[in-house]
């Protein structure tokens, strides 16, 4: 995802929460009484995954967000909550912000069709996911399946960014060489057509969509290596269409992710979805300058209250993202954030003094200071998997310049970590020198 800073947002501070407080006396956070009563907090340094899973369990699809793609604490809590939902609450599908075709390699491992953990990790599709925390998730899911062969969990991907993977998989399913060649040709044409679209010429892009319509009709009668694979072929053709067309609008990728997720779920299937805050949230993709909905918004429109979006925030500490070294080889660079900016969402949560916490935002009283806070926009720090500037801490010291979050509009619940550490790459030789602090 792109660097998630906005430079033209108005200053969105929460000083109004403290109106009337004496400047001569210590101020008690107005959020604290509500959070003391309703939040899950920790005296042990680790939030109770069982209690959090119990809070989430009445919903059918749960979006577990993250403020960056590279924090150990977020990955660890998400894994522990996921396994509680599997063990105690009947969740049997784990969906990930990963290539729908490539994620089959992850599922091969947890189903016991493969013992190759390195191959399984390639199923995540992007270097940013190649961390020990994700390997631990796959191993936990495999252990469950080994102990419960008649009540198995499956792993699916919901992203369509890997065109080569979907072309390869369709080639494995279809026996007709002419159909395979048409798929390959369409993908080869997609890049140039998209470039023309970005320059204002839609002709090649629209022609591709017409060719896709024809291909989709022809695929219905395709001869397959295994006749029982027709349902998967329909999914792969949908994935192919998404890969080729999703960048026709700023929100196209999120719509594609929602459609791929819903297409893979049964009518009562319970699923946990791992993705960035910017995807699981229920609201518009305002950081992309569009009113189009995030993935979570589309899922919420389809499932209503059966969808729950859990956002993640953090106060200070380390995280990592991908960057290229001097030779052009990509690796993991570690970054650090100091205390959150005054007036930011994180600063308000840190000021409660409650430490790490998780809270259901729907527990807030109406017509109160807390309610007003939840429905006001606040600056928040969050980053994607790459393009993080070395001076990211300096750039995020002014809350008015941060991407904004309106907690109750964006999410159903929030997790806050006081301090974070970077996730752990499986290949630690790919950790790059960190920016000078």
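The values are calculated or read from the model by the stated rules, or taken from the named source; none is laboratory data. Because the structure is predicted, anything quoted here is derived from the model rather than measured. Cβ: placed from backbone, ideal geometry, glycine included. Neighbour counts: every protein chain shown.
Considering only the range 165-186, I want to know if a residue exists there that is within 22 Å of the chain's Cα centre (by Cα), closer than 29 Å to residue 296 by Cα and not in a loop (DSSP other than H, G, I, E, B).
yes
Mind checking whether some residue in the range 389-401 is within 22 Å of residue 327 (Cβ to Cβ) and either under 18 Å from the mean Cα position of the chain (by Cα) or free of Cβ contacts under 8 Å to residues at least 60 places away in the same chain (or both)?
yes
Tell me yes or no: at least one residue of the range 112-120 is surrounded by fewer than 16 Cβ atoms within 10 Å (Cβ to Cβ), touching a helix residue (DSSP H, G or I) at 6+ places or on another chain (Cβ under 8 Å) and within 27 Å of residue 319 (Cα to Cα).
Yes, the range 112-120 contains at least one residue that is surrounded by fewer than 16 Cβ atoms within 10 Å (Cβ to Cβ), touching a helix residue (DSSP H, G or I) at 6+ places or on another chain (Cβ under 8 Å) and within 27 Å of residue 319 (Cα to Cα).
Considering only residues that are over 27 Å from residue 39 (Cβ atoms) and in a loop (DSSP other than H, G, I, E, B), which ones fall in the range 398-437?
Correct list: 398, 424, 426, 427, 433, 434, 435, 436, 437.
Results for (1) under 24 Å from the mean Cα position of the chain (by Cα); (2) outside any loop (DSSP other than H, G, I, E, B); (3) touching a residue at least 40 places away in the same chain (Cβ under 8 Å), shown as yes or no for each residue.
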{"site": "109", "(1), (2), (3)": "yes, yes, no"}
{"site": "115", "(1), (2), (3)": "no, no, no"}
{"site": "121", "(1), (2), (3)": "yes, yes, yes"}
{"site": "125", "(1), (2), (3)": "yes, no, yes"}
{"site": "137", "(1), (2), (3)": "yes, yes, yes"}
{"site": "144", "(1), (2), (3)": "yes, yes, yes"}
{"site": "150", "(1), (2), (3)": "no, no, no"}
{"site": "155", "(1), (2), (3)": "yes, yes, yes"}
{"site": "158", "(1), (2), (3)": "yes, yes, yes"}
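Can you name every residue in the range 12-56 that is on the phi > 0 side of the Ramachandran plot and at pLDDT below 50?
Scanning the range 12-56 gives a single hit, 20.
What do you reckon, is residue 59 in a loop (DSSP other than H, G, I, E, B), under 30 Å from residue 389 (Cβ atoms), modelled with pLDDT of 95 or more and in contact with a helix residue (DSSP H, G or I) (Cβ under 6 Å, 6 or more places away or on another chain)?
No.
Can you confirm whether the range 90-103 contains a residue that is within 19 Å of residue 62 (Cβ to Cβ), assigned to a helix (DSSP H, G or I), touching a helix residue (DSSP H, G or I) at 6+ places or on another chain (Cβ under 8 Å) and in contact (Cβ under 8 Å) with a residue 40 or more places away in the chain?
Checking the range 90-103: not a single residue is within 19 Å of residue 62 (Cβ to Cβ), assigned to a helix (DSSP H, G or I), touching a helix residue (DSSP H, G or I) at 6+ places or on another chain (Cβ under 8 Å) and in contact (Cβ under 8 Å) with a residue 40 or more places away in the chain.
Any residue at all in the range 422-434 that's touching a strand residue (DSSP E or B) at 6+ places or on another chain (Cβ under 6 Å), at pLDDT below 95 and surrounded by fewer than 21 Cβ atoms within 10 Å (Cβ to Cβ)?
Yes - at least one qualifying residue is present in the range 422-434.
Filter the range 404-421 down to residues that are crowded, with 19+ Cβ neighbours inside 10 Å and within 30 Å of residue 329 (Cα to Cα), then give me how many there are.
The total comes to 1.
Quick one: which residue in 173, 179, 137, 141 is within 26 Å of residue 430 (Cα to Cα), buried (at least 16 other Cβ atoms within 10 Å of the Cβ) and touching a helix residue (DSSP H, G or I) at 6+ places or on another chain (Cβ under 9 Å)?
137
Could you list all residues from the range 274-321 that are without any contact (Cβ under 8 Å) to a residue 40 or more places away in the chain and under 28 Å from residue 425 (Cβ atoms)?
Of everything in the range 274-321, nothing turns out to be without any contact (Cβ under 8 Å) to a residue 40 or more places away in the chain and under 28 Å from residue 425 (Cβ atoms).
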